[in-house]
Each structure stands twice: as structure tokens, then as C-alpha cells.
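Let me begin by presenting the structure, written as C-alpha cells, before commenting on it.
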Amino acid sequence: MRAKDNMRSAAEVLVDQLRIHGVRHVFCVPGESYLAVLDAFHDSELAVTVCRQEGGAAMMAEAIGKVTGRPGVCFVTRGPGATNASPGIHIARQDSTPLVMFVGQIARDMREREAFQELDYRAVFGSMTKWTTEIDDPARVPEIVSRAFYTAANGRPGPVVVAIPEDMLVERIAVPDAPPFALVETSPGPVELKQFAEMLSASRTPIMLLGGSRWSQAASDAIGRFAQKHSLPVATTFRRAHLFDALHPCYAGDLGIGPNPKLLERIKSSDLVILVGGRLGELPSQSYTLFDIPRPQVPFVHVHPGVEELGRVYAPQLAINATPTAFAAALEHLDLPRPLRGEAAAAHTDYLEWTEKPTEQPGAVNFGAIMVWLRDNLPPDVIICNGAGNYAAWIHRFFRMRRFGQHVAPTSGSMGFGVPAAVAMKRLYPERPVVCIAGDGDFLMNGQEFATAVQYNLPFVIVVADNGIYGTIRMHQEREYPGRISATELRNPDFPAYARAFGGFGISVERTADFPQAFAEAQASGKPAIVRLEIDPDAITPVTTLAKIRAKSLAAKNS
Ligand SMILES: Cc1ncc(C[n+]2csc(CCOP(=O)(O)OP(=O)(O)O)c2C)c(N)n1
Ligand SMILES: [Mg+2]
């Protein structure tokens, strides 16, 4: 309880800083190491979501960071709490997402004895975060929390870990609050913009690739207007399809795993590549084969908010240290010295053709047809969440993202992300429909957060593509070691019964035609729901089968 004098506990000071920095949601698993913070939550206006595992809590915070551009916040306990949370930290790192995680820590006078659950967080999280620190002095709580928010959110965003010793949290102090942190926009200078305009108008077949973070709907719209003016094709990189309206006449498609061969060809034959916001990591770069390293074989412009990313892998002809939001705003006023007519119309036609119709699949449930049904029937403000597995290939191929923040999924390919992300999205936007799409393996990595969804009355639908295998790994296995199945089979629970046991709604679909009705029932239940799809394991990607991969590999080995 708050005292009447102007003294506050360090924990109260900390929670006050969160409010000042605009935090509305925190996600946690409680621990005795930060009881004073839990008590300070009691009197605060923060929406606290108590989770079932710290990995879920950290991924929820990560999802908030992804769609708001402001640090998502989670609290975990020392030792096992912190290590459980590490996948969320790793996602925030690879996905360039602002996140601040507070870790309850042992008392200061016990340090270095390997006290109960003691860890050296700087050592544990040092290579995964932008900054890891520990607060020793309660008077410095406002300063350090402020720096944590600035660091997480600015430049190339990422995770920050702040350890908070339990004895420090209960000390009482009189200390002024920090001012709210600010998002710092780095804007392109006139010299770079002039050079960019020159390069663009000298090109005949340019293409723009969008990726990374520090985007907004306004930035996406501004890129759309610029692209339309110059017929510039715009593609998105792996799991960033929500950065551009898929039905915009300049949208060229998604550059990720198994991209449209025509899009790959277009990029390879382009005479100017403009990469905005992204890093072009292993997946979008097609395992670093698309462009020569360090100097790409085509003129290359790289726009990135983190100066340390410019020249890190690709040495561009023109490097622009700017946030995508500021770069997009600058394009609105950019005149080209000579008019440009890019090949946007052809690129968009290629995209529509590639994504229009589901492909043939073995089995009675065609996942492509279901994705097309979801695309055509879900309202435009729906949010799609998923983790990792081959099932996601159907989302990338057939679902058409229409607006910023519509797709919440890890570019880091971390399984188990979809359920916690859906919990976070429904907490953040109770009015918006949320659909989580998960594999059977993927779902159970954080399926326990279904209990969190039930606890907070969060009605969203989880579509579980149940093929009884860790499909992605089986696919690789059949390619490299055909016929030698090892550790990729799954014996699954009854997923609809699982949902019901938790207090949700569950239904199973065994034929494509039954899906619309089952989905409608799931939505009408008003509860967190699981729609389980019985997927033939042979249907391993939208374009091939396990049997074909095995046969091809065996033939190659025998030849
Ligand atoms: C946390 C984590 N562990 C392991 C992997 C390796 N991995 C990638 S996909 C995959 C299988 C996914 O299986 P499932 O969710 O059933 O989807 P499917 O491929 O069968 O569609 C595995 C094990 C990973 N990406 N992330
Ligand atoms: Mg599976």
C-alpha cells in the first residue's frame, strides 16, 4: 500500500515509471523474488496478465512490441523463470522488437555465493540482448528504466533485461520520476535522398523489399503512394507481409521460404534493389545466395534504423540510416529527375496468380482451401498469429495481409509463438478478431497459455493443423536421409478435448467442406476455441509431398 509521505518503495517507483513510459500491459509469472513489484501492481492501472510459463509471458510482451513499436514488458523470477523466458528474448533479438524484461533477483548481500536460483544475467543474456543490467541503487530506478526503454525502442529495436534484487525493491526513497521516453526518428538527409532519386530514375527494373521493424500503417501507406506514382514493385520479406497491402497494385509478393519463382527471378534480374528496414537474413536471402556478399551484384540501397546494420553483411552502393517511418515520409516529397515506369503491374499479376487458388493436396482436408476460405471470409481487421512449422507455408502463400500489424509471427522461426501472441493481441485489442494458426508440435510448445486465454475470457480461435509429425524436420529428414524416420513422429492428445478440459470450445474437422461450419461454431461459442484439422502428413508443402521428396532423394542417392 502507498505511504502518505512522498517516500515510495523502489518497486513502486519502478511501476510508476512504467506508467510514465506509456505501458498498459504487463505479462508475468510471479516469483518471491519480486513480491514488492506484485504488490505495487495491486494499486496500479496496469493490465496484468498472469501466465503459465515465462516463455509465454515473454512472447506476449514480444507480440505487443511488434505491433505497437513500443517496448512490450514482462516480469519473471530469477534463475528458471529467466531461462524459461529466453525464447521470447531471442525472438525480440532476431525480429528487432522492443522488449523490456524485468527479472527478480536475489538480495544484493548474497551475490556470488550461487544463492537460490542465482544467475549472472549479464553473462546469460549478454549476447541475446541490446543491454542487460542490474539495479543496485533504488535512487537510480527512474534513470535505468528510462534508459531501458530508450535502448529497447530506438535504432534497431531489441530486448533489454533488467535484474531487480529483491532487497533493493523494498527500500524506501524519495526520488523524482523520469520523463516519458521518446521514439527517436532518424531521417534521411537531403544528400542521400538526392542520390537515391538519381539511382532510382536511372534504373529500369527496380524493386523495393520491405522488412524489419519501426513501421506503421502511415509508413506503409506512404510507400504505397510512392510505389504507385512510379509503378515500383514492392515485395515483403519473410514474415513481414503485413508491411504492405497485398491487394495494392504494386505488391509483388512475399520473399520468404518457398517464394514464387517468378518473384525470385524478378529480384535477381532487377537493376536496383532497395531494401527498407530489413536485414535480409538467412531466410529471405535464400540462404545468402540472392546477393553477393559483401558487394551485391546489383546496385543496392539499404535503408535501416540501426547504423551498425549498414554494411554488416551487404556493402550497399547507398546506405541510408533512417527509420522506415521517416524514410517513407521523406518519399512523399521526393521528385525524381526523370520519370520512372517500373514493372509493378506484371509483378502484381504474378503475385495474384501464385496465391489465387489452393493447390491439390493428398488427404480429405486441403489446408490451402481453408486458408483461402479464411482469407475471403475473415474481416479486414483480423489479426493472424502463428509460430513455426511447415503449416505456416500455407499462410505465407495464400493469406493476403492487408494492413500493418495484421500478421504477428516470429521471423526467428521460434515454435510456440502463436498461442501467446494471440493472448496478447486479444488483451490489447479486445474488439478485433484474432486467429492463431498452429502446427500440432508448435501448439503444444506453449499450449498451456490456452489456460490464460480462458482465465481472461479471450475468445479467439486456434486452428491446429494436426499432421502427427514435426513436419518441417520430417521434410528435411526425407531429403537428407530418405526413409529413415527418426524422432519426428507425434502421438497427439485429443485437441478438442484439451480445449474443453481447459474451459474452452473444441471441434475437429476431417473434410475441407466441414471447416466453415466448424469455424462458425468456434466463433459463436464466445470462448477460446480450438479447431483441429486432420491433415495428411504426406501434404508437406503447398507444392510437394513427403512421398515425392523421399522418392527424389532415393533416386539421387541410387544414381
Ligand atoms: C523452439 C523450436 N524448437 C525446434 C524447432 C525446429 N523445428 C522447426 S519446425 C519444427 C516442426 C514443427 O512441427 P509442427 O508444429 O507440427 O508443424 P508442421 O511442420 O508439422 O506443419 C521443428 C521441430 C524450432 N523452429 N523452434
Ligand atoms: Mg505437425
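The values are calculated or read from the model by the stated rules, or taken from the named source; none is laboratory data. Remember, it's a predicted structure, so these values are computed and weren't measured experimentally. Virtual Cβ from ideal backbone geometry, glycine too; neighbours counted across all protein chains shown. Ligands, DNA and RNA are stripped out before the accessible areas are found, and what is left, the full protein with its side chains, is counted by its heavy atoms. Shrake-Rupley method; radii C 1.70, N 1.55, O 1.52, S 1.80 Å.
The figures follow:
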| read-out | value |
| --- | --- |
| Residue match in the range 60-76 (condition: of a type in the set (Ser, Thr, Tyr), touching a Leu at 6+ places or on another chain (Cβ under 9 Å) and buried (at least 24 other Cβ atoms within 10 Å of the Cβ)) | no |
| Top-ranked residue of the range 474-498 - restricted to ones that are of a type in the set (Ser, Thr, Tyr) and open to solvent by 20 Å² or more (accessible area, probe 1.4 Å), ranked as farthest from residue 537 (Cα to Cα) | 498 |
| Residue, least open to solvent (accessible area, probe 1.4 Å), within the range 464-473, restricted to residues that are more than 7 Å from ligand 1 (Cβ to nearest atom) and at negative phi | 464 |
| Subset of the range 377-391 (residues that are within 16 Å of ligand 2 (Cβ to nearest atom) and open to solvent by 10 Å² or more (accessible area, probe 1.4 Å)) | 388, 389, 390, 391 |
| Any hit, the range 10-22, residues being open to solvent by 20 Å² or more (accessible area, probe 1.4 Å), at pLDDT 95 or above and over 15 Å from residue 176 (Cβ atoms) | yes |
| Those residues of the range 436-457 which are open to solvent by less than 10 Å² (accessible area, probe 1.4 Å) and either away from ligand 1 (no atom under 16 Å from the Cβ) or among the acidic types (Asp, Glu) (or both), in sequence order | 440, 442, 449, 452, 453 |
| Residue that is nearest to residue 472 (Cα to Cα) [pool: residues in the range 392-434 that are over 12 Å from the mean Cα position of the chain (by Cα), open to solvent by 20 Å² or more (accessible area, probe 1.4 Å) and within 16 Å of ligand 1 (Cβ to nearest atom)] | 393 |
| When residues of the range 502-536 are limited to those that are within 15 Å of ligand 2 (Cβ to nearest atom) and crowded, with 20+ Cβ neighbours inside 10 Å, the one nearest to residue 449 (Cα to Cα) | 530 |
| Restricting the range 120-131 to residues that are open to solvent by less than 20 Å² (accessible area, probe 1.4 Å) and either among the aromatic types (Phe, Trp, Tyr) or part of a strand (DSSP E or B) (or both), the residue that is farthest from residue 171 (Cα to Cα) | 125 |
| Pick from the range 427-443, criterion among the acidic types (Asp, Glu) and within 16 Å of ligand 2 (Cβ to nearest atom), ranking: nearest to residue 465 (Cα to Cα) | 440 |
| Scan of the range 229-267 for residues that are without any contact (Cβ under 8 Å) to a residue 24 or more places away in the chain and more than 26 Å from residue 288 (Cβ to Cβ), ordered by number | 229 |
| Index of the failed condition, residue 97 passing every other in (1) under 20 Å from residue 419 (Cβ atoms); (2) open to solvent by 10 Å² or more (accessible area, probe 1.4 Å); (3) in contact with a strand residue (DSSP E or B) (Cβ under 8 Å, 6 or more places away or on another chain); (4) in a loop (DSSP other than H, G, I, E, B) | (2) |
| Condition check for residue 369: within 16 Å of ligand 2 (Cβ to nearest atom) and more than 26 Å from residue 219 (Cα to Cα) | no |
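So that you can scan it fast, the table gives a plain yes or no per residue for (1) under 21 Å from residue 73 (Cα atoms); (2) away from ligand 2 (no atom under 16 Å from the Cβ):
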residue: 352; (1), (2): no, yes
residue: 361; (1), (2): no, no
residue: 375; (1), (2): no, yes
residue: 395; (1), (2): no, no
residue: 411; (1), (2): yes, yes
residue: 414; (1), (2): yes, no
residue: 421; (1), (2): yes, yes
residue: 425; (1), (2): yes, yes
